[in-house]
Amino acid sequence: MNEGRPSRTAQRVAVRRAAHQLLDRPLVLDDPYALRIIGADAAAATQAKADGRVSNAFRAFMAVRSRYSEDELAYAVARGVRQYVVLGAGLDTFAWRNPFTGVHVFEVDFPATQHWKRQRLANVGMEKPASLTFAPMDFESQTLADGLRAAGFRADQPAYFSWLGVTMYLTREAFESTVAFIGALPAGSGVTFDYAVERSELNVLERLALDHLERKVAAIGEPFQLFFRHAELSATMRRLGFTDLEDVGRDELNTRYLQNRDDGLRLKGGIGRMMRARN
């Protein structure tokens, strides 16, 4: 992304999460703050534009990936984790919905995006929870370890990380350095992230969908850079310190979260998948 301005994809993701609250029943992700944080104008736009098969599928993925990540956090908390790090937080609202006593949330993002979020929060009257720490990071001059340490993160204690809508914009070096940091944390630590599937593993229709999406994000200055093959990614995660992996795609996520719905909300295609990794 361009460091001088907030991420435009963060706004689009937030609008889709808000649209889910308005348009879909039952809710996959119950987020009463989603509409509030995007503001009245964006909420109206959500109602007007969130139609069509492609829009529905993207909206489903935004809801499902957040739900999947938060479900994995719940398992981590049950095992004793008390630090939760949201990497590339954008307009994420988990810190306002946090049901876990004693769990501290760290939101990591570019300074411009985090400044934009804080302005938005002030505008809509959402006060920062005591259990939340903002950790603005300039990735050109700071490592993740340094940025989190400055925010009060304890590297001698386990932590769980949510990393949604980010990896496809990274270089391989940046991805691996982040994963290595998480993998080296105390036992019980872990991460959930989504990733873009290598083009060679997609069918013709999925490649066309990927081409369309790549054009859209490149047009706003946030091009995709990183793609993975399933087997390659699992090998990389094991090499970087993780022993317990789950790699799930459209079919598994539809079965887990979107079965037996009257509204037909489903994930379509296979250009994005989810990985859960524990050390």
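The values are calculated or read from the model by the stated rules, or taken from the named source; none is laboratory data. Since the structure is predicted, the reported quantities are computational estimates derived from the model, not experimental observations. Because the Cβ atoms are built from the backbone with ideal geometry, glycine has one as well, and the counts that use them run over all protein chains shown. Side chains are part of the model used for accessible areas, which takes the heavy atoms of the whole protein and leaves out ligands, DNA and RNA. Shrake-Rupley method; radii C 1.70, N 1.55, O 1.52, S 1.80 Å.
Quick notes
- Against the criterion of solvent-accessible heavy-atom surface with a 1.4 angstrom probe, 69, 55 sort, most first, into 55, 69.
- Candidates per GluC sites (Glu not before Pro) in segment 107-195, loop by DSSP, up to 10 other Cβ within 10 Å: 127, 140
- If you take the Cα centroid of segment 5-40 and the Cα centroid of segment 112-186, the two points sit 21 Å apart.
- List 207, 261, ordered by accessible area with a 1.4 Å probe, largest first: 207, 261
- Tensor-based shape of the chain (alpha-carbon gyration tensor, a/c under 1.5 rounded, otherwise prolate or oblate): rounded
- Expected 222 nm ellipticity per residue - DSSP helices of 4 or more, -39500 (n - 2.57), all of the chain, to 500: -14500 deg cm²/dmol
- Three-way shape label, segment 81-141, alpha-carbon gyration tensor, a/c 1.5: oblate
- Span-rule helices in the chain, defined as complete DSSP H runs reaching 15 Å or more along the axis (Cα) with Kyte mean at least -0.5: 8-23, 34-49, 53-78, 172-183, 204-219
- In order through segment 94-108: 3J(HN,Hα) via Karplus (6.51 cos²θ - 1.76 cosθ + 1.60), integer Hz, x for Gly, Pro: 4, 4, 7, 10, 4, x, 9, 5, x, 8, 9, 9, 10, 9, 9
- Whole-percent carbon and sulfur share, accessible surface of the chain, 1.4 Å: 51
- Pairwise label distance in nanometres, residue 171 with residue 215, each label 7 Å out on the Cα-Cβ vector: 2.9
- Accessible area of residue 169 in the full protein assembly, 1.4 Å probe (Å², nearest 10): 50
- Sequence-distant residues sharing a close amide H with residue 110 (under 5 Å, placed H): 137
- Mean separation of Cα contacts under 8 Å, 6 or more apart, over the residue count of the chain: relative contact order %: 20
- Nearest-10 value in Å² for the accessible area of residue 208, using the 1.4 Å probe: 100
- Prolate/oblate/rounded label for segment 161-279 (Cα gyration tensor, a/c 1.5): oblate
- Student exercise, the chain dipole from Lys, Arg, Asp, Glu Cβ charges, in Debye to nearest 20: 460
- Relative contact order %, segment 182-279, counting alpha carbon pairs below 8 Å whose residues are six or more apart: 47
- Solvent-accessible surface ranking, highest first, for 118, 199, 59 at 1.4 angstrom: 118, 199, 59
- Surface accessible to a 1.4 Å probe, per residue, for the residues of segment 175-227, Å²: 43
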